[in-house]
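I'd like to ask some things about the structure below.
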Amino acid sequence: MRPASRDLMRAINQFNVLNTIRTAGSVSRTKLSEITGQSRASVTNITARLIAENLIYEKETRDSAHRGRRRVLLALNADAAYVVGIKLSAFRVSCAVTDMQADIRSSIVMPVRTSERPAGFVADLIEEGVRHCVKDARLKMDQIAGIGIGVPGFVDRKEGFCHWTPLYRKGERPLRDLVEKRLEIPTTLENDANAVTMAHQWFGDGKGVQNFVVITIEDGVGMGAVVNGQLYRGATGVGAEFGHVVVAPGGNLCRCGKRGCLEAYVSDFSILAAARKIYADLRWECPSRGELDLEDVMDAARRGQPELVRLFGRAGRLLGQGVAGLIQILNPSKIILSGQGVRAGDMMFAPMRAVVAEQCNPTLHDATEIVIHKWQDTDWARGAASLVLQALYKTPFEKIRPVI
Ligand SMILES: [Zn+2]
């Protein structure tokens, strides 16, 4: 095995130091050395450079357990850098500016249809959102160190484009390049479920968990996996596409072009499409005047409309089949279900849990906690921002833009 290069080791050590300080809030050098496994000399060296670069600072406290002895703790300078996270959905664009700690300084959700629009139109929307949020946070554009965009679909992170996305049209210039050209800020394009997985790892249910899976249920069904503390990206970088695993061969047509994908039964989009068909035949009492929306469907199902109860039940069972497969293959400590789609609650998750229990070996089943977590739009954007921050934590100090 070749030894890791000095630059790589430096990046990893710096990341571990900054991330430990971020997680702890404030921490002594001795504790940092203990947690990161780095020598005291290495910690002293790295923290001295981080202090000189104003990325962290020293703060003094009195230790009540030791007769008020003076203690020096290290804390992150939240204002050392700012980043922007964007989440693209079929019917909205969410944008958030965060500081170095991933705390939101300003955010906006723009209810605009992005699906089937040209990539240039989507890039214009992103530009508007970023400029608005940066101004609202009382910052200037040149204080933004990077932009992360979370988008559903098969994303090539390196090249900054989507092999396939249910949103903007195919065959266009890479969205990342369009945004970078407009704003002149380094931009990263990432699968949206990966972004939310990173958010869970940084400040959600995945904090401190080495092996976990996040399944997102919204207009589509996404997945991100953390294996041994690292986001799993697969051989080509596309990573896990759980929503497009076929669970019903020859079944419903999916937006990706195949038949019988999980997403074609579980996503908000597919539930709504099926419910509209049922409504056209049965016309149950519906308080909303316009076209039937997902809230109407959930309300009617909760009131016991039998066809809709069956619809959510089938979605839950198919989801359970998929989740059971993940538990058998990956043996994760946690499976976190996130996104707007979790509003369906027990109508979907009770049948899901029953199938998971039935299809998993008890040892594996009992080792996995299933967590259902409603996730806000700004949390998705915050996840995209933390992807940028994660890269920033590894960057040589002089490449982080100076705060003016
Ligand atoms: Zn599909």
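The values are calculated or read from the model by the stated rules, or taken from the named source; none is laboratory data. Computed from a predicted model, the values in this text were never measured in an experiment. Neighbour counts are summed over all protein chains in view; Cβ atoms, including those assigned to glycine, are modelled from backbone coordinates with ideal geometry. Each accessible area value is taken on the protein alone, full model and side chains, heavy atoms only, with ligands, DNA and RNA left out. Shrake-Rupley method; radii C 1.70, N 1.55, O 1.52, S 1.80 Å.
Exactly one condition in (1) under 28 Å from Val27 (Cβ atoms); (2) touching a strand residue (DSSP E or B) at 6+ places or on another chain (Cβ under 6 Å); (3) modelled with pLDDT of 90 or more is false for Arg71; which is it?
Here Arg71 meets the rest and fails (3).
To keep it simple, each residue is scored yes or no on (1) under 30 Å from Pro186 (Cβ atoms); (2) open to solvent by 40 Å² or more (accessible area, probe 1.4 Å); (3) at pLDDT 85 or above; (4) charged (D, E, K, R).
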{"site": "Glu295", "(1), (2), (3), (4)": "no, yes, yes, yes"}
{"site": "Leu308", "(1), (2), (3), (4)": "no, no, yes, no"}
{"site": "Arg317", "(1), (2), (3), (4)": "no, yes, yes, yes"}
{"site": "Phe349", "(1), (2), (3), (4)": "no, no, yes, no"}
{"site": "His373", "(1), (2), (3), (4)": "no, yes, yes, no"}
{"site": "Asp379", "(1), (2), (3), (4)": "yes, no, no, yes"}
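Evaluate the stretch 275-283: report whether one residue or more is under 17 Å from Gly320 (Cα atoms), small (Gly, Ala, Ser) and open to solvent by less than 50 Å² (accessible area, probe 1.4 Å).
no
Let me ask something else about it. Where in the stretch 245-353 are there helices (runs of 4 or more DSSP H), lying fully within it, with 1 or more residues that are more than 16 Å from the ligand (Cβ to nearest atom) and farther than 26 Å from Leu167 by Cα?
Passing ranges, in order: 268-282, 294-302, 306-330.
Still on this structure: Of all residues in the stretch 88-124, which are of a type in the set (Asp, Glu) and closer than 22 Å to Ala137 by Cα?
Asp99, Asp103, Asp124
Test Gly383 against the criterion of being crowded, with 17+ Cβ neighbours inside 10 Å and touching a His at 6+ places or on another chain (Cβ under 9 Å), and give yes or no.
For Gly383, the condition - crowded, with 17+ Cβ neighbours inside 10 Å and touching a His at 6+ places or on another chain (Cβ under 9 Å) - is met.
What residue, among those in the stretch 221-238 that are within 30 Å of Asn16 (Cα to Cα) and within 15 Å of the ligand (Cβ to nearest atom), is surrounded by the fewest Cβ atoms within 10 Å (Cβ to Cβ)?
Val238
Okay, residues lined up against (1) touching a Cys at 6+ places or on another chain (Cβ under 6 Å); (2) small (Gly, Ala, Ser); (3) at pLDDT below 85:
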residue	(1), (2), (3)
Ala65	no, yes, yes
Ala78	no, yes, no
Arg131	no, no, no
Arg138	no, no, no
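Scan the stretch 109-116 and give yes if some residue there is acidic (Asp, Glu), at pLDDT 90 or above and out of contact with any Phe, Trp or Tyr (no Cβ under 6 Å at 6 or more places or on another chain), otherwise no.
Within the stretch 109-116, none of the residues are acidic (Asp, Glu), at pLDDT 90 or above and out of contact with any Phe, Trp or Tyr (no Cβ under 6 Å at 6 or more places or on another chain).
Report every pair of residues separated by at least 6 positions or lying on different chains whose Cβ atoms are under 8 Å apart, first residue within the stretch 363-379 and farther than 19 Å from Leu326 by Cβ, second assigned to a helix (DSSP H, G or I).
Lys374/Gln340; Lys374/Val342; Lys374/Arg343; Asp379/Val196; Asp379/Ala199
Counting only residues that are under 28 Å from Leu318 (Cβ atoms) and open to solvent by less than 20 Å² (accessible area, probe 1.4 Å), give me the strands (runs of 3 or more DSSP E) lying completely in the stretch 119-220 with at least 2 of them.
Those strands (runs of 3 or more DSSP E) span 144-151, 187-191, 212-217.
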